[in-house]
Amino acid sequence: MDTKIKEHDRDVKQCSNCDTFGAKLVCRNCKAARYCSKECQTQHWKKGHKEKCTSLEGRLLNTKKNDTEPGSKECANCDASGAKLLCAKCRTTNYCSKACQLSHWKNGHKEMCLTPEERRPASIPIAEKSPSVPLCAICHENFSLHQTVELPCKHTFHTRCVSGMRKFAQKQNCPVCRTELPPRPWFAHEDAMRRYAIIERRLELEGRDWTALSKDEMVESKKVLVLLRKAATEGFSHAQCTFGRMLLHGRIEAKNVAEAAKWIRKAAEQGVPSAQYSMGDILYTGTGVKENRFEAATWFQKAAEQGDMNAQSQFGYLLLTGEVIPQNRDEAVSWLRKAAAQGDAKGQYMLGLYVEIKKFLKK
């Protein structure tokens with residue numbers, strides 16, 4: 001399906017149930033909800049559209065009534081006017097019925113709902129109200145209050161704020177620079193990496209390895225695998241690389257080299273430098289796959305050209321020795337210098353060794 005759809009077409013032709021674009025079926029009653037199939041229309045009706053569905057004439061009458069009654073409130077869930085029910089916690093959100101209140105609570109109001117006391121500036125410590133303290137651009141609260149996520153555009157927000165924005169905002173853009181938000185698998189990968197880093201740090205501090213996980217850590221590690229597998233299955237290249245490496249080294253799950261090579265190759269074919277290096281290393285050593293050093297050299301070269309220091313030192317070594325590809329010492333030294341400049345220990349060692357041998361031969 002063509003993803004370059006005009007912005008005004010996105011809002012008009014999107015399925016109200018599954019968000020698929022190009023929905024042609026229209027609800028006969030309200031004339032507002034669109035669907036891509038009869039099955040989606042049936043599912044949406046059962047999910048709650050039955051209670052929200054209002055005919056065009058009914059909406060016009062509600063609008064007129066709203067105009068004549070200045071104090072009339074709109075329902076936060078279905079936008080119907082004359083909403084009299086009030087959320088008992090936040091005291092700011094109105095509903096037309098209990099069904100709408102329950103639906104809105106499940107769809108995200110539960111995370112956003114705050115009492116008047118929680119919203120008062122006096123309840124925030126003085127240090128957090130300081131202008132020098134960075135605040136989330138969406139909720140204007142201190143970053144230290146909740147978990148944060150940094151988008152590819154380098155702007156940071158609370159994770160729950162971005163999740164809420166993805167659910168309810170019509171345009172999926174960064175609130176600061178208007179850059180389009182990354183795909184959903186990106187968020188799953190970020191969440192998995194955050195959970196993984198917490199477990200890894202705890203193991204380092206307590207001097208344990210991955211075979212000595214506690215019951216809670218086991219549950220958390222399973223969530224990491226589920227999130228990574230989901231993001232990898234949806235085609236996100238960095239998740240494919242991370243998931244493949246975990247399988248390759250036996251982190252969290254039992255070691256599975258053949259499965260690891262499959263996911264790493266998928267990521268390498270999408271141009272991820274670290275995956276290209278890992279693919280080259282697997283083929284060079286014949287780990288779980290048939291050894292193919294010439295193809296390995298090709299992957300090392302691709303990763304080296306993208307700046308991966310491990311690939312630069314390995315490709316430089318192959319050029320220096322002429323073991324797999326034709327020998328070219330000048331080019332080899334050039335790649336080793338690049339790896340050494342990035343702090344690669346192997347590249348620094350081989351470059352130093354080559355210089356010392358060259359001096360010895362001159363004598």
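The values are calculated or read from the model by the stated rules, or taken from the named source; none is laboratory data. Keep in mind that what you see is a predicted model, and the values were worked out from it rather than measured. Cβ placement follows ideal geometry from the backbone for every residue including glycine, while neighbour counts extend to all protein chains displayed. Side chains included, ligands, DNA and RNA excluded: accessible areas come from the protein's heavy atoms. Shrake-Rupley method; radii C 1.70, N 1.55, O 1.52, S 1.80 Å.
For the range 250-260, indicate whether the set of residues that are without any contact (Cβ under 8 Å) to a residue 12 or more places away in the chain and touching a helix residue (DSSP H, G or I) at 6+ places or on another chain (Cβ under 8 Å) is non-empty. Looking for residues that are without any contact (Cβ under 8 Å) to a residue 12 or more places away in the chain and touching a helix residue (DSSP H, G or I) at 6+ places or on another chain (Cβ under 8 Å), one finds at least one in the range 250-260, hence yes. Of note, A304 satisfies the criterion of being within 38 Å of the chain's Cα centre (by Cα), assigned to a helix (DSSP H, G or I) and buried (at least 22 other Cβ atoms within 10 Å of the Cβ).
The residues listed here are A339, A297; of these, the one that is in contact with a Gly (Cβ under 9 Å, 6 or more places away or on another chain), crowded, with 22+ Cβ neighbours inside 10 Å and either within 24 Å of G244 (Cα to Cα) or not acidic (D, E) (or both) is A339. Of all the residues in the range 102-115, those that are within 16 Å of E51 (Cβ to Cβ), open to solvent by 40 Å² or more (accessible area, probe 1.4 Å) and of a type outside the set (A, V, I, L, M, F, W, C) number 2. Being touching a helix residue (DSSP H, G or I) at 6+ places or on another chain (Cβ under 6 Å), open to solvent by 100 Å² or more (accessible area, probe 1.4 Å), at pLDDT below 80 and of a type outside the set (D, E), is that true of even one residue in the range 71-83? Taking every residue of the range 71-83 in turn, none turns out to be touching a helix residue (DSSP H, G or I) at 6+ places or on another chain (Cβ under 6 Å), open to solvent by 100 Å² or more (accessible area, probe 1.4 Å), at pLDDT below 80 and of a type outside the set (D, E). If I filter the range 137-161 down to residues being at pLDDT below 80 and of a type in the set (V, I, T), which single residue comes out as least open to solvent (accessible area, probe 1.4 Å)? The residue in question is V149. Residues of the range 190-226 that are under 18 Å from G244 (Cβ atoms) and not in a helix (DSSP H, G or I): W210 alone. Checked against (1) modelled with pLDDT of 90 or more; (2) open to solvent by 10 Å² or more (accessible area, probe 1.4 Å); (3) touching a Phe, Trp or Tyr at 6+ places or on another chain (Cβ under 9 Å), A311 meets all criteria but (2). Applying a threshold of 8 Å to beta carbon distances and a minimum spacing of six or more residues, or different chains, the list of pairs starting in the range 36-49 at a residue that is free of Cβ contacts under 8 Å to residues at least 24 places away in the same chain and ending at one that is open to solvent by less than 70 Å² (accessible area, probe 1.4 Å) and aliphatic (A, V, I, L, M) reads C36/A23; C36/L25; S37/L25; K38/L25. Quick one: Q306 ticks every box in (1) modelled with pLDDT of 90 or more; (2) of a type in the set (S, T, N, Q); (3) out of contact with any Gly (no Cβ under 9 Å at 6 or more places or on another chain) except a single one, so which number is it? Here Q306 clears every test but (3).
Condition check for V272 on (1) open to solvent by 70 Å² or more (accessible area, probe 1.4 Å); (2) within 24 Å of A311 (Cβ to Cβ); (3) within 23 Å of the chain's Cα centre (by Cα): one failure, at (1). Taking (1) at pLDDT below 80; (2) in a loop (DSSP other than H, G, I, E, B) in turn, D67 satisfies each apart from (2).
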